[in-house]
1. Send over a whole-number figure in Å² for the accessible area per residue of the range 229-377, probe 1.4 Å.
2. What are the ³J(HN,Hα) values, in whole Hz, obtained from phi via the Karplus relation 6.51 cos²θ - 1.76 cosθ + 1.60 with θ = phi - 60°, for each residue of the range 307-313 in sequence order, with x given for Gly and Pro?
3. At what distance in angstrom do the alpha carbon centres of the range 308-377 and the range 160-204 lie from each other?
4. Which order, highest average first, do 161-173, 271-283 follow once you tally other Cβ atoms within 10 Å for each residue and take the mean per peptide?
5. Roughly speaking, what is the stretch gain from Leu208 to Gln282, that is 0.36 nm per residue apart minus the C-alpha to C-alpha distance, in nm to one decimal?
6. Which three extents, in angstrom, do the Cα atoms of the range 50-118 have along their principal axes, listed largest first?
7. With n ≥ 4 as the cut-off for DSSP H runs, can you work out [θ] at 222 nm for the chain, using -39500 (n - 2.57) per run divided by the number of residues, rounded to the nearest 500?
8. Compute the acute angle (0 to 90°) between the alpha-carbon long axis of helix 77-87 and the principal axis of greatest extent of the alpha-carbon atoms of the chain; round to the nearest 10°.
Amino acid sequence: MSLPVSHAAVTALSPHDPAAVDLDAGIALAEIGKIARTDLSAWARAIDEGTYPATLLHRFADAGAFRLHLSQGHRLGNAIEGMSRMSEVCAATGFMAWCQNTLVWYLINSENEAPRAKYLAAVATGHVLGGTALSNPMKSFFGIEALKLKGTRVEGGYKVKGILPWVSNLGPDHFFGCIFAVDGAAPVMAIIDCAEPAVTLKPCEPFLGMDGTGTYAVQVRDLFIPDEMVLAHDAMSFVKKMRAGFILLQAGMAFGLIRDCIAMMREVEEPLGHVNRYLDVQPDQLCEMLAAMETEVNTLAETPFDESPDYWRRVVAARLLAGEKSVEAAHNAMLHCGARGYVRASRCQRRLREAYFVAIVTPATKQLKLMLDQMPA
């Protein structure tokens, strides 16, 4: 169970708050890595089998995992590295951390002071856990599907209804960001509280992996969303502002997973190296590839508000490569490990299932290719 939160007691996390400024990134990252290697390592199989690790997420929060992008001008490199250290052990946990960090990112970038003042501290410190719910909107903005939530303007806010098929890192006291269509106006982005009676969480059909990520279908029945929970009355402009950060933060999942795939290939070098040397992809090649990817993403993460077309193309291309190379690394780790990687207890087969998730989570490989195709040459 996640920790209870008194919403009335939530205080603002201003740029001058010690929680935002005085976090030592080096110490935080070291602690995140330690928790990942010990507690998370022990939990990884249970998470893969469907256990939602709220206690562990709070431990990572205490280490600073969800506020590494609050300081240093909201540069994202440290947050990406923190998630990569979790994903090196369990990409499902790295994904939940991405959900949490992205909810923080929404609040950081909101044009509305009210939700930022009320919820940023609670989300950044993990007292409130939550998700992103932008899978459907991200597809809708590129003509893949229609917005599934519909809103009507009423006094003091909006009435919203609809069903979202998959939203992750949720629970009965969690929050998530959403975007809903409004007749005669631009789509609106807001925060929804899962504790509201008008919100119902329905378990999803079991996945190939990622079942421990708190993923639900969300039904919203005439929910009143007050103006103070609106992140942006023009969602498309808001998404354009924060989209690079949204996408770049996902790289942490890929980097950690690829590191572990390289480690698995190294682990079988002594018993199997004499035959594995005939395989096309070797760990040294993957190391070089990973180093180049990390350099590019870290460079892009320094300027997440760059609005130039060239920058946006590089962001999309980097995310596409992260998904493709995750699958390549996991595939080759399986080939190197052979039968010992193909047993249910092996993390190798889990890594292969997790790698496909990196490639299909929004924005998926096919959407990224569509986005690149639609960009000016």
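1. Accessible area per residue: 46 Å².
2. 9, 6, x, 5, 4, 4, 4
3. Distance between centres, Cα-based: 28 Å.
4. Ranked by mean Cβ neighbours within 10 Å, highest first: 161-173, 271-283.
5. 23.9 nm
6. Over the range 50-118, Cα extents along the principal axes are 36, 23, 17 Å.
7. -16000 deg cm²/dmol
8. 60 degrees
The values are calculated or read from the model by the stated rules, or taken from the named source; none is laboratory data. Note that this is a predicted model, so its numbers are computed, not measured. Every residue, glycine as well, gets a Cβ built from its backbone with ideal geometry; the counts of neighbours run over all protein chains shown. All accessible areas refer to the heavy atoms of the entire protein, side chains included, with ligands and DNA or RNA removed. Shrake-Rupley method; radii C 1.70, N 1.55, O 1.52, S 1.80 Å.
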